[in-house]
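Presented below is the structure to which this report refers.
The values are calculated or read from the model by the stated rules, or taken from the named source; none is laboratory data. All values derive from a computational prediction rather than experimental measurement. A quick note on method: Cβ atoms are made from the backbone with ideal geometry, for glycine too, and the neighbour counts reach across all protein chains shown. Note: areas computed on protein heavy atoms with side chains; ligands, DNA, RNA excluded. Shrake-Rupley method; radii C 1.70, N 1.55, O 1.52, S 1.80 Å.
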Amino acid sequence: VICVGRIYVQKGYDFLLKDFYAAYQKRKDLRCYIVGDGPDADYYKKWVKNYGLSNVVYFLGNRKNPFSIMKQMDAFCLESRYEGQGLVLWEAKCLGLQLIFPKRLEKYNSSLAGVDSVVEALVKLEKKEKKQNHLIEYHENIVKQYGNLLWDSFENRCNI
């Protein structure tokens, strides 16, 4: 499983690590790779060490191109306290990764399905063939929404 992002409180790495720890207790073959850095990185590295996860949770630091690492993973996990549209989710989807994120983040990522329990999703995670997704449906939806926004703006200005 891979996670990518700035390591600070908003991104919910404490949620992620606690859920990963719980899943790892049931499934010892899990590994977690965290790409990114931030003001809370040292805290989480100590947390990982204290919980005996140093051999299964790896902090890879900032990378200019995280996609080369992401392509090697089976799934992408995002937990966040508050998140707008998670661009990194769409990047992971584009690479064909399975997405694991809580249902509460669905409202910001239309047409992506979150999970009821990140722990259970991690425990049940299976290796699947990755199929790249060029996000055509996503792009068509964005163009449609943008067109509707422009049309609404035009109607309002012209009092149509």
Qualifying positions in the range 1-47 - assigned to a helix (DSSP H, G or I) and charged (D, E, K, R): Lys11, Asp14, Lys18, Asp19, Lys26, Asp42, Lys45, Lys46
Number of positions in the range 67-87 that are in contact with a Leu (Cβ under 9 Å, 6 or more places away or on another chain), closer than 20 Å to Glu129 by Cα and not basic (Lys, Arg): 8
Number of the exception - Ser111 against (1) modelled with pLDDT of 90 or more; (2) open to solvent by 70 Å² or more (accessible area, probe 1.4 Å); (3) at positive phi: (1)
Subset of the range 121-138 that is exposed (fewer than 15 other Cβ atoms within 10 Å of the Cβ) and in a helix (DSSP H, G or I) - its residue that is modelled with the lowest pLDDT: Ile136
Flag for Tyr58 being surrounded by fewer than 19 Cβ atoms within 10 Å (Cβ to Cβ), among the hydroxyl-bearing types (Ser, Thr, Tyr) and either modelled with pLDDT of 95 or more or under 17 Å from Lys127 (Cβ atoms) (or both): yes
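State all residues of the range 81-99 that are in a loop (DSSP other than H, G, I, E, B) and either of a type in the set (Asp, Glu) or on the phi < 0 side of the Ramachandran plot (or both); if no residue qualifies, say none.
Step one: of the range 81-99, the residues in a loop (DSSP other than H, G, I, E, B) are 81-86, 95-97.
Of everything in the range 81-99, those that are in a loop (DSSP other than H, G, I, E, B) and either of a type in the set (Asp, Glu) or on the phi < 0 side of the Ramachandran plot (or both) turn out to be Arg81, Tyr82, Glu83, Gly84, Gln85, Gly86, Leu95, Leu97.
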Unmet criterion (only one of (1) in contact (Cβ under 8 Å) with a residue 40 or more places away in the chain; (2) closer than 25 Å to Lys130 by Cβ) for Gln10: (2)
Hits in the range 4-35 (condition: in contact with a strand residue (DSSP E or B) (Cβ under 6 Å, 6 or more places away or on another chain) and open to solvent by 10 Å² or more (accessible area, probe 1.4 Å)): Val4, Tyr33
Subset of the range 63-86 (residues that are open to solvent by 60 Å² or more (accessible area, probe 1.4 Å) and touching a helix residue (DSSP H, G or I) at 6+ places or on another chain (Cβ under 6 Å)): Arg81, Gln85
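Which of the residues spanning the range 1-32 are over 19 Å from Leu87 (Cβ atoms) and among the aromatic types (Phe, Trp, Tyr)? Even if it seems obvious, please write down each step before you answer.
Of the residues in the range 1-32, the ones over 19 Å from Leu87 (Cβ atoms) are 9, 14-15, 17-32.
Within the range 1-32, Phe15, Phe20, Tyr21, Tyr24 qualify.
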Cys32 being under 22 Å from Glu120 (Cα atoms), touching a residue at least 60 places away in the same chain (Cβ under 8 Å) and within 17 Å of the chain's Cα centre (by Cα): no
